[in-house]
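Since every read-out is calculated from the coordinates, none of them should be taken as a lab result. A quick note: this is a predicted structure, and the numbers were derived from the prediction, not measured. Positions of Cβ are generated from backbone atoms using ideal geometry, with glycine treated the same way; all protein chains shown enter the neighbour counts.
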Amino acid sequence: MRSVDVVVIGAGQAGLSAAYHLRRTGFEPDRDFVVLDHAPRPGGAWQFRWPSLTYGKVHGMHALPGMELTGADPARPSSEVIGGYFTTYEETFDLRVHRPVDVTAVREGEHGRLLVETSEGTYATRALINATGTWDRPFWPRYPGQETFRGRQLHTAQYPGPQAFAGQRVIVVGGGASGTQHLMEIADVAAATTWVTRREPVFREGPFGEVEGRAAVALVEERVRQGLPPRSVVSVTGLPLNDAIRDARARGILDRLPMFDRITPTGVAWDDGRTVDADVILWATGFRAVIDHLAPLRLREPGGGIRVEGTRAVRDPRIHLVGYGPSASTIGANRAGRAAVADIRRLLRNAPRPVAAR
């Protein structure tokens, strides 16, 4: 068992931001803090994005603190651009990320420490920064007849790019940015596409400035304060009405149908008698926070989420969640990493130093 002051779980945008601020304020990697990441290489969730998501198509990628991302080719896959940027960032600031390391559970230990159980052993820590994001927990809705479908079902997390759907009839489920991006790519090669969403999509016209951004974040933050599962910031901002979206709407690609009632062996059906045949159902239905490893600490509220003030878990001030709820955007993750480190520094300064685990 190794003892450290802080364990950071996750090395995406939020985790690297937290590690940077720990380093900058005097914490030494592998002595005072450790960063654990289960991914095989740097890049966070970006490394798993589909090849057709080029860097030029990425919305609102903010640079990590202390080092800008400059000169990137917009035609290159975002997984390559951002993966390379994260690699350079980790090396430049000597963050010494441990990977691949799986965290299985966080439990209460002795002398006020938390025990972080991992595939490389157990860490006893005075504070924890959880930056695990959502990519590893895709949300799959369940509908009657789903198991009878004879075609292929896959989630955004498995999306291989548009060419895999050439000549096929594809139903895309989901009203977020991923759903519209998939539709616009697939429509050029598929035999037919159908867009289905649970709620009527909202397209946002006009500028989206700081005031609008703060209002959107506030809506997500209020859910987290109430202990409800967070919704993404994008879910409350609407879809930006850019030239590509306008063109797709004019071509009928984004003509939306309400959610079907059941899945049949050959497609989907509504209770009013309408049916659509399909070879593929693509679920662009989002992700949920990866927090099951925190279950032994009983942080969840009756509403299903973890109640958070700022980044601090209300039920345990030693634990901070960054990239969770209102800080799930890249700029939000940067700010959350800095805020979590500032709060942890105060906590460690004011708390008596526990006896080191042996």
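When you count the other C-beta atoms within 10 angstrom of each residue and take the mean per peptide, 149-162, 243-256, 281-294 line up highest first as 281-294, 149-162, 243-256.
Secondary structure note: in the stretch 1-143, about 45% of the DSSP beta bridges are antiparallel.
For the residues SER327, SER17, SER178, a GNM of the chain with alpha-carbon springs under 10 Å puts the largest fluctuation on SER178. Among beta bridges from DSSP that stay inside the chain, the antiparallel ones total about 40%.
Please state the shape class of the stretch 246-321: rounded when a/c is under 1.5, otherwise prolate if a/b exceeds b/c and oblate if not, all from the C-alpha gyration tensor. Verdict is prolate for the stretch 246-321. Relative contact order, whole percent, for the chain stands at 23, derived from Cα pairs under 8 Å and 6 or more residues apart.
Principal axis extents of the C-alpha atoms in the stretch 46-101 (largest first, rounded to whole Å): 30, 25, 16. Annotation: average projected area of the chain is 18.9 square nanometres, based on the convex hull of Cα atoms across all directions. Taking 0.692 mPa s as the viscosity and 37 °C as the temperature, the Stokes-Einstein diffusion coefficient of the stretch 1-120 based on its alpha-carbon Kirkwood radius rounds to 214 µm²/s. Say the dipole of the stretch 221-281 comes from +1 at the beta carbon of Lys and Arg and -1 at that of Asp and Glu; which of ILE281, THR266, LEU239 then lies farthest toward its positive end? Looking along the dipole axis, the top candidate is LEU239. Please report the relative contact order for the stretch 238-286, taking Cα pairs under 8 Å with a sequence separation of at least 6, and give it as a percent rounded to a whole number. It rounds to 18 percent for the stretch 238-286.
The GluC sites (Glu not before Pro) of the stretch 120-209 that meet both conditions, a loop assignment by DSSP and at most 11 other Cβ atoms within 10 Å of the site Cβ, are GLU205. Calculated on the Cα set of the stretch 67-204, radius of gyration then Dmax: 21.1, 63 Å. The residues MET1, MET61, when put in order of fewest to most other Cβ atoms within 10 Å, stand as MET1, MET61.
Summing Cβ point charges (Lys, Arg +1; Asp, Glu -1) relative to the Cα centre of the chain gives a dipole of roughly 900 debye. When peptides 219-230, 305-316 are ranked by their average number of other Cβ atoms within 10 Å per residue, the highest-first order is 305-316, 219-230.
In terms of packing, defined here as the mean over residues of other Cβ atoms within 10 angstrom, the peptides 6-12, 65-71, 267-273 line up highest first as 6-12, 267-273, 65-71.
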